[in-house]
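Below: one structure, written as structure tokens.
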Amino acid sequence: MNLTLLTEKLNLEVRCCKDKLDREVSGGYMGDLLSDVMANSKKDDVWITCQSHQNVVAVSVLKEHAGIILVLGKEPDTDTIERASQEGIPLLVTDLPGFEIAGRLYDLITV
Amino acid sequence: MSREYEVSFPVKGDNFEDAGKVSVEIKRLLKGHGITGDILRRAAIATYESEVNIISYAQQGNINVRVTDDSISINIQDRGPGITDIEQAMKQGYSTANDRIREMGFGAGMGLFNIKNCSDSFEILSEINKGTLLKILINR
Ligand SMILES: Nc1ncnc2c1ncn2[C@@H]1O[C@H](COP(=O)(O)OP(=O)(O)OP(=O)(O)O)[C@@H](O)[C@H]1O
Ligand SMILES: [Mg+2]
């Protein structure tokens with residue numbers, strides 16, 4: 001499944017890298033502790049978090065995530081959008097809590 | 001083709017705006033030198049956690065990466081408070097990170113543990129009020 005389809009199905013809004021939504025997603029990881037995400041997320045995961053500051057971008061670049069979903073209506077900081085655009089990491093947002101997004105994502109990807 | 005390769009980057013303490021930039025650059029360079037897959041993944045985690053620890057706890061530091069035909073050796077040296085009890089610092093969950101650091105999602109007490117997990121050999125040398133040296137070796 002790619003990010004375009006995922007964005008539609010989960011009703012996400014795109015905050016940057018609209019041109020990168022053809023990226024394939026193979027799984028997901030949810031967490032707000034950066035060293036947990038560094039250790040346990042995988043390449044091509046979409047990362048579900050409520051951390052909106054710019055440090056999330058380096059983590060996603062290093063782990064080669066497909067993109068980041070900010071939950072609970074969190075908006076990315078201006079710096080975050082800037083850095084994510086430079087690095088080509090799509091930032092997606094939703095008002096829903098992480099649990100619901102993770103549940104729906106799990107169904108979409110594994111079924 | 002056998003070619004040795006070495007780079008060094010300075011890291012400034014408390015500079016959270018740039019956290020991870022040096023590690024992203026190192027990962028790019030390693031990739032350019034033909035390092036891929038699990039080795040690249042482990043090197044990226046080890047440099048990132050070390051970089052963030054310099055920024056979180058030290059005044060300044062340096063990350064040196066040396067690639068040879070059969071290994072990647074990463075040395076991280078900082079000028080800072082040093083680590084009093086290394087065994088305790090290595091434990092998952094132990095952290096002295098302050099609220100400001102925790103708010104950004106650091107301070108889970110997993111960094112050094114992650115580095116160890118990613119290394120084939122890992123050594124910490126530290127002197128109180130002087131600084132810390134991490135010696136990480138990853139076999140290719
Ligand atoms: N370079 C350093 N200089 C001084 N103290 C350090 C240094 N690196 C780690 N420490 C000490 O060791 C503790 C554990 O470090 P570790 O990286 O494992 O976890 P953390 O930085 O607290 O949280 P996390 O890495 O999960 O975000 C730190 O809280 C700090 O007290
Ligand atoms: Mg740490």
Residue count for the stretch B:81-107, restricted to those that are within 13 Å of chain A (Cβ to nearest Cβ) and within 13 Å of ligand 2 (Cβ to nearest atom): 11
Pairs, first surrounded by fewer than 12 Cβ atoms within 10 Å (Cβ to Cβ) in the stretch B:1-21, second at pLDDT below 95, C-beta under 9 Å, six or more apart: B:1/B:34; B:2/B:69; B:3/B:33; B:3/B:69; B:4/B:69
Residue B:90 vs. criteria touching a strand residue (DSSP E or B) at 6+ places or on another chain (Cβ under 8 Å) and either within 10 Å of ligand 1 (Cβ to nearest atom) or of a type in the set (D, E, K, R) (or both): yes
Answer from A:78, A:94 - the residue that is within 13 Å of chain B (Cβ to nearest Cβ), surrounded by fewer than 23 Cβ atoms within 10 Å (Cβ to Cβ) and among the hydroxyl-bearing types (Ser, Thr, Tyr): A:78
Matching option when the condition is within 14 Å of chain A (Cβ to nearest Cβ) and either in contact with a Phe, Trp or Tyr (Cβ under 6 Å, 6 or more places away or on another chain) or assigned to a loop (DSSP other than H, G, I, E, B) (or both), among B:35, B:45: B:35
Test: residue in the stretch A:43-58 that is free of Cβ contacts under 8 Å to residues at least 60 places away in the same chain, farther than 27 Å from residue B:92 by Cβ, outside any loop (DSSP other than H, G, I, E, B) and not charged (D, E, K, R): no
Test for residue B:89: is it part of a loop (DSSP other than H, G, I, E, B), modelled with pLDDT of 95 or more and buried (at least 17 other Cβ atoms within 10 Å of the Cβ): no
Residue in the stretch B:54-80 that is nearest to the other protein chains (Cβ to nearest Cβ), counting only those that are more than 14 Å from ligand 2 (Cβ to nearest atom) and assigned to a loop (DSSP other than H, G, I, E, B): B:59
Long-range neighbours under 6 Å by Cβ, at least six apart or interchain, first residue more than 14 Å from every other protein chain (Cβ to nearest Cβ) within the stretch B:108-127, second of a type in the set (A, V, I, L, M, F, W, C) and within 13 Å of ligand 2 (Cβ to nearest atom): B:124/B:134; B:126/B:83
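The values are calculated or read from the model by the stated rules, or taken from the named source; none is laboratory data. Worth saying up front: this structure is predicted, and the values here are computed from it rather than measured. Counting neighbours? That spans all protein chains shown, and the Cβs are built from the backbone with ideal geometry, glycine included.
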